[in-house]
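Below is one structure, written out as structure tokens; the observations come after it.
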Amino acid sequence: MSDKTFGFETLSIHAGAAPDPATGARALPIYQTTAYVFEDADHAAALFNLQTVGFIYSRLTNPTNAALEARLATLEGGRGCTVASSGHAAQVLALFPLMSPGAEIVASSRLYGGSLQQMRNTYPKFGWTAKIVDADETENFKRAVTEHTKAFFIESLANPGGVVSDIEAIARIAEASGVPLLVDNTLATPYLCKPIDYGATLIVHSTTKFLSGTGTSMGGAVVDSGKFDWSRGGKFPSLAGPEPAYHGLNFYETFGDMAYTFHSHAVGLRDLGPSQAPFNAWLTMLGIETLGLRMERHCANAAKVAAHLEKHPAVAWVNYAGLPSNKYNKLAKKYLPKGAGSIFTFGVKGGYEVGVKVVDGVELFSHLANIGDAKSLIIHPASTTHRQLSDEQRVAAGAGPDVLRLSIGIETVDDIIADLDQALAKATA
Ligand SMILES: *Cc1c(COP(=O)(O)O)cnc(C)c1O
């Protein structure tokens, strides 16, 4: 299938998944195998030398995972993709080829709490430093750059604050600084936003969320645009220098715009090992078939719920970039023209106490730590996901004591609104 001529919904169903050439099976087979038989000793040697492309061992590559990789690369407009066991595994995998002890990244303070945690507390154990900056002021990225900076990291639409990043402005600063821009596109999905169109180099996903879509499967992905010159400035020796793990092979000279993706499989997955289970890749492929339909309904429902809450007497404020009153509405119109997603926060009058009562009072909503499910979900970040942060860090991440985060599902919208109304009534009675 030549992808260029088809629309998003068509590609969501067909990209990466032609009928199985061996059996004619129309649905993607789950290749539940650990290893693959070599044709002969020469074939085996060529595979291990990366002189021929093929399957060796499912820690590196697997045909079901490869189908998901092809589909995600297509939907994001990228060149190659590597799937991983979770979104967080994908983030480590994404940075791994770029980093070494002493290397730095510049990241937005508005990232998902778990990502901030990973950057602040775990990356230092690798000798990596994350400088966390307020991304609303895009010049902060320029100010934080040093000779050790290897990447910028932002979210297109941030979890949970409803913050939209000015991807194009930050990409320009990355380009001028000679570093790639990594964009976590989990909340927007490629249906709502394609960061590569605005200059992003690498896209990371937690496929756990909207891409799989039904809260069944952990997974992550890294998509490479194939557009970055890894030999620039001698900053990325793992990609554009002799790789000791492959007898001095230079990935960029050998594989060109597929260098990053080949490295992610041949070195990243091989040595770090966070491979995705083929069954999860299969469920995620199934989910992606309905991505466009689901996102349309997620966004329509979220817009109605946000507008309702904005007028609700028990609600102090609503942070949904799709609302005309929102600070990020202009950026949302530019980067998310089809809708501002379905994750947003609102503040209850009465703070922490009332927030906790609301999560205890909902009946249709599920109180849990996930987003992007067909089911509507609620959480009080201050007492859960953002618990490990300091008070100041929580407020900076949009997770203060009065904040509730919603992930609006695709149920009948009147039922969603009625459930919130009864929970708010109980909590404030
Ligand atoms: C959930 C999430 C992650 C982490 O993904 P896991 O699949 O849970 O490891 C990273 N970024 C964002 C924006 C997320 O919502």
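The values are calculated or read from the model by the stated rules, or taken from the named source; none is laboratory data. Owing to the predicted nature of the structure, the values given are computational and were not obtained by experimental measurement. In this analysis, Cβ positions are derived from the backbone assuming ideal geometry, glycine residues included, and neighbour counts consider all displayed protein chains.
Couple of notes before you dig in:
- Residue match in the range 37-53 (condition: under 18 Å from Leu211 (Cβ atoms), more than 16 Å from the ligand (Cβ to nearest atom) and either out of contact with any Gly (no Cβ under 9 Å at 6 or more places or on another chain) or of a type in the set (Ser, Thr, Tyr) (or both)): no
- The listed residue being more than 17 Å from Gly78 (Cβ to Cβ) and touching a Lys or Arg at 6+ places or on another chain (Cβ under 9 Å), out of Ala169, Ala144: Ala144
- Residue that is farthest from the ligand (Cβ to nearest atom), among those in the range 98-110 that are assigned to a loop (DSSP other than H, G, I, E, B) and touching a residue at least 40 places away in the same chain (Cβ under 8 Å): Gly102
- Between Ala369, Ala306, the distinction of being surrounded by 21 or more Cβ atoms within 10 Å (Cβ to Cβ) and within 26 Å of the chain's Cα centre (by Cα) belongs to Ala306 only.
- Taking first residues from the range 141-163 that are over 12 Å from Ser108 (Cα atoms) and partners that are assigned to a helix (DSSP H, G or I) and among the hydroxyl-bearing types (Ser, Thr, Tyr), the Cβ contacts under 8 Å between residues at least 6 apart in sequence or on separate chains come to Lys142/Ser177; Val145/Ser177; Thr149/Ser177.
- Residues of the range 295-321 satisfying the condition of being basic (Lys, Arg) and in a loop (DSSP other than H, G, I, E, B): Lys311
Listed here are the residues, each with its yes/no results for (1) of a type in the set (A, V, I, L, M, F, W, C); (2) closer than 30 Å to Gly7 by Cβ; (3) away from the ligand (no atom under 15 Å from the Cβ).
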residue	(1), (2), (3)
Phe55	yes, no, yes
Cys81	yes, yes, yes
Ala89	yes, no, no
Phe96	yes, no, yes
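- Of the strands (runs of 3 or more DSSP E) lying entirely inside the range 322-429, not one carries at least 3 residues that are basic (Lys, Arg), within 15 Å of the ligand (Cβ to nearest atom) and under 29 Å from Asp134 (Cβ atoms).
- Considering the conditions (1) crowded, with 24+ Cβ neighbours inside 10 Å; (2) hydroxyl-bearing (Ser, Thr, Tyr); (3) free of Cβ contacts under 8 Å to residues at least 24 places away in the same chain, Ser231 is excluded by exactly one of them, (1).
- Inspection of the range 302-315 finds a residue satisfying the criterion of being under 30 Å from Val83 (Cα atoms) and not assigned by TED's automatic domain parsing to the domain that holds Ala46.
- Test result for Thr284, under 17 Å from the mean Cα position of the chain (by Cα), in contact (Cβ under 8 Å) with a residue 12 or more places away in the chain, within 16 Å of the ligand (Cβ to nearest atom) and surrounded by fewer than 23 Cβ atoms within 10 Å (Cβ to Cβ): no
- Pairs where the first residue, in the range 111-127, is without any contact (Cβ under 8 Å) to a residue 60 or more places away in the chain and the second is buried (at least 20 other Cβ atoms within 10 Å of the Cβ) and of a type in the set (Gly, Ala, Ser), C-beta under 6 Å, 6+ apart: Met119/Ala107; Met119/Ala130; Tyr123/Ala130
- Residue check, Gly268 surrounded by 19 or more Cβ atoms within 10 Å (Cβ to Cβ) and either closer than 26 Å to Ala35 by Cα or modelled with pLDDT of 95 or more (or both): yes
- Of the criteria (1) more than 10 Å from the ligand (Cβ to nearest atom); (2) of a type in the set (Val, Ile, Thr); (3) crowded, with 18+ Cβ neighbours inside 10 Å, which one Thr122 fails: (3)
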